[in-house]
Amino acid sequence: MTGSQTSHEPYAVVDLINAKRRGQRLTDGEVDWVIEAYTRDAVAEEQMSALAMAIAFQGLTPDELRRWTDAMIATGERLDFSGLSRPTADKHSTGGVGDKITLPLAPLVAACGVAVPQLSGRGLGHTGGTLDKLEAIPGWRAELSNAEMLAQLESVGAVICAAGTGLAPADQKLYALRDVTGTVEVIPLIASSIMSKKIAEGTGALVLDVKVGSGAFMKTLAEAQELAETMVRLGQGAGLSTVALLTDMSTPLGLSAGNALEVRESVEVLAGGGPPDVVELTLALAREMLGAAGRDDADPADKLADGSAMDIWQAMIRAQHGDPHADLPTAKETEVVTADTDGVLTSLDALAVGVAAWRLGAGRARKEDPVQAGAGVELHAKPGDHVRAGQPLLTLHTNTPERFARAKQALVRAYEIGPNAPERTGVVLDRVT
Ligand code: URA
């Protein structure tokens, strides 16, 4: 179909593009139609791309955004967890570097009596994907049918699996288009993309982890607040108990970025250890999920300490054919980046580490690319730590040593060492309800 109204379609896309470009509000009928028609390939990619760009400049009103999100949900199926014997809660992160929190969090919340249906994706660009991380575990299977997912939620209490193509298929098409047309970092498009999938998924409560900083979509607290408020409003408007935490992504979370490296760190957290920032954020999100699901009587810290979260992790991995005790893959080659002077590490940039891990093979440039399970970056110091000249700061891991040079280029200005310690802040910067 072209811009002119030559078919039996009720609207001409070009009229909608022009209206939005001029800052006009689209009608409910126009929004419903354009999303539905795009999903059945009756709106050309270049037309949707122009509309997305017009939205990037003009935005959507709250009513338009709600309608846009509902229209995306209506293109696919809706899951229903109401038959489960316990409440459900899910967490969604807007994506960051070293963000492995889903791995310890899902079994931890399940250990506290709330079922966690975590429908996840693979990574694209410098942010890792939860499924890529879990696929580092020998035998682990990401694809489950809806019936298998429900059965595992009832028997184990937690499931992390691939979001099927049935949920908001409009988003799957639109996200791929946004990725190549400079329209990813647009608040109404991010909010409708995330919330259409989460509302369609049918979780009873939702906690959003909105990342702020160099390694995140939202670089400033003000932008992140706007995104969080937009998503919380959409969730609550749909009757979904929704809360958002704004969390720091100026430096990587924990001490690793890369698939098997992050699984190893997650297991350390489940064993009662792990880096303090990963433990802090896991517990903060667990408490929010339990509160949103109406079960704040259990203390998640106890469930990390007494091993019950670890038991659920092992059951969850086994249920998806993984071996929780198998050795994790390691990269064949490593190179170390050392500190060039004595002092305090004042910053270690999340984006630079994420790009380096990606270039080492931990991430993919195109959807169909494979990832290396063992590739990534290991951190030996965090901002605030004292370092000595020559001391290892980072270890780079890959199977393909020709990647080291490009990875090291990404790290040229990745860190600063100064005389004074930076002001310490917690990982959680703000909360939006
Ligand atoms: N994650 C999503 O699912 N959609 C976006 O638009 C951005 C992050």
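The values are calculated or read from the model by the stated rules, or taken from the named source; none is laboratory data. What you see is a predicted model, and the numbers here were worked out from it, not measured in a lab. Because the Cβ atoms are built from the backbone with ideal geometry, glycine has one as well, and the counts that use them run over all protein chains shown. Note: areas computed on protein heavy atoms with side chains; ligands, DNA, RNA excluded. Shrake-Rupley method; radii C 1.70, N 1.55, O 1.52, S 1.80 Å.
Of the residues making up the range 268-292, those that are open to solvent by 20 Å² or more (accessible area, probe 1.4 Å) and assigned to a loop (DSSP other than H, G, I, E, B) number 4. Among residues of the range 225-241 that are closer than 23 Å to Gly213 by Cβ, those with a Cβ under 9 angstrom from a residue that is surrounded by fewer than 18 Cβ atoms within 10 Å (Cβ to Cβ), sequence gap 6+ or separate chain, pair up as Gln225/Asp430; Ala228/Asp430; Ala228/Arg431; Thr230/Pro62; Val232/Thr433.
For the condition at pLDDT below 95 and within 16 Å of the ligand (Cβ to nearest atom), Gly59 does not qualify. Figure legend. Inter-residue proximity from the range 140-167: first residues among the charged types (D, E, K, R), second residues at pLDDT 95 or above and open to solvent by less than 20 Å² (accessible area, probe 1.4 Å), beta-carbon distance below 9 Å, spacing 6+ or different chains. Indicated pairs: Arg141/Cys161; Arg141/Gln320; Arg141/Gly322; Glu143/Cys161; Glu148/Val159; Glu148/Cys161; Glu148/Gln320; Glu154/Ala115. When the residues of the range 133-170 are narrowed to those that are under 30 Å from Glu265 (Cβ atoms) and within 13 Å of the ligand (Cβ to nearest atom), which ends up modelled with the highest pLDDT? Result: Leu167. Among the residues making up the range 347-357, a single one is assigned to a helix (DSSP H, G or I) and not aliphatic (A, V, I, L, M): Gly354. For the range 418-432, residues that are modelled with pLDDT of 90 or more and assigned to a loop (DSSP other than H, G, I, E, B) total 4.
When the residues of the range 186-207 are narrowed to those that are under 14 Å from the mean Cα position of the chain (by Cα) and farther than 27 Å from Trp313 by Cα, which ends up farthest from the ligand (Cβ to nearest atom)? Steps first, answer last, please.
Taking the range 186-207 and keeping what is under 14 Å from the mean Cα position of the chain (by Cα), we get 190-191, 193-195, 197-198, 206-207.
Going one step further and asking which of them are farther than 27 Å from Trp313 by Cα, we end up with 190-191, 193.
Numbers: Ile190: 4, Ala191: 8, Ser193: 3 Å.
Once the filter is applied, the top-ranked residue is Ala191.
Among the residues of the range 208-223, those identified as within 12 Å of the ligand (Cβ to nearest atom) and under 13 Å from Leu429 (Cβ atoms) are Asp209, Val210, Lys211, Ala216, Met218. Scanning the range 231-256 for residues that are among the β-branched types (Val, Ile, Thr) and part of a strand (DSSP E or B) gives Thr242, Val243, Thr247.
Tell me whether the range 412-423 contains one or more residues that are within 24 Å of Gly129 (Cα to Cα), β-branched (Val, Ile, Thr) and open to solvent by 60 Å² or more (accessible area, probe 1.4 Å).
Kept after step one, since they are within 24 Å of Gly129 (Cα to Cα), are these residues of the range 412-423: 414.
Still in the list and also β-branched (Val, Ile, Thr): none.
Scanning the range 412-423 turns up no residue that is within 24 Å of Gly129 (Cα to Cα), β-branched (Val, Ile, Thr) and open to solvent by 60 Å² or more (accessible area, probe 1.4 Å).
Name the residue, out of Thr203, Thr247, that is among the polar types (S, T, N, Q) and closer than 28 Å to Val34 by Cα.
Numbers: Thr247 fails: closer than 28 Å to Val34 by Cα.
Answer to the check: Thr203.
Condition first: outside any helix (DSSP H, G or I), in contact with a Ser or Thr (Cβ under 9 Å, 6 or more places away or on another chain) and surrounded by 18 or more Cβ atoms within 10 Å (Cβ to Cβ). Can you find one or more residues in the range 339-346 that meet it? Checking the range 339-346: not a single residue is outside any helix (DSSP H, G or I), in contact with a Ser or Thr (Cβ under 9 Å, 6 or more places away or on another chain) and surrounded by 18 or more Cβ atoms within 10 Å (Cβ to Cβ).
One residue alone among Ala326, Ala356 is farther than 13 Å from Leu411 by Cβ and among the aliphatic types (A, V, I, L, M), and that residue is Ala326. Residues that are open to solvent by 10 Å² or more (accessible area, probe 1.4 Å) and not hydroxyl-bearing (Ser, Thr, Tyr) within the range 219-230 comprise Lys219, Leu221, Ala222, Glu223, Gln225, Glu226, Glu229, listed in sequence order. Scanning the range 87-108 for residues that are out of contact with any Gly (no Cβ under 7 Å at 6 or more places or on another chain), among the aliphatic types (A, V, I, L, M) and either within 16 Å of the ligand (Cβ to nearest atom) or not assigned by TED's automatic domain parsing to the domain that holds Met310 (or both) yields one hit, Ile101.
In the range 358-396, how many are in contact with a Lys or Arg (Cβ under 7 Å, 6 or more places away or on another chain) and either open to solvent by less than 60 Å² (accessible area, probe 1.4 Å) or not in a helix (DSSP H, G or I) (or both)? Even if it seems obvious, please write down each step before you answer.
Keep residues of the range 358-396 that are in contact with a Lys or Arg (Cβ under 7 Å, 6 or more places away or on another chain), which gives 359-361, 371, 384.
This time we only want the ones that are either open to solvent by less than 60 Å² (accessible area, probe 1.4 Å) or not in a helix (DSSP H, G or I) (or both), so: 360-361, 371, 384.
The total comes to 4.
For the range 113-184, the helices (runs of 4 or more DSSP H) that sit wholly inside it and include 3 or more residues that are open to solvent by 10 Å² or more (accessible area, probe 1.4 Å) are 146-155, 169-179.
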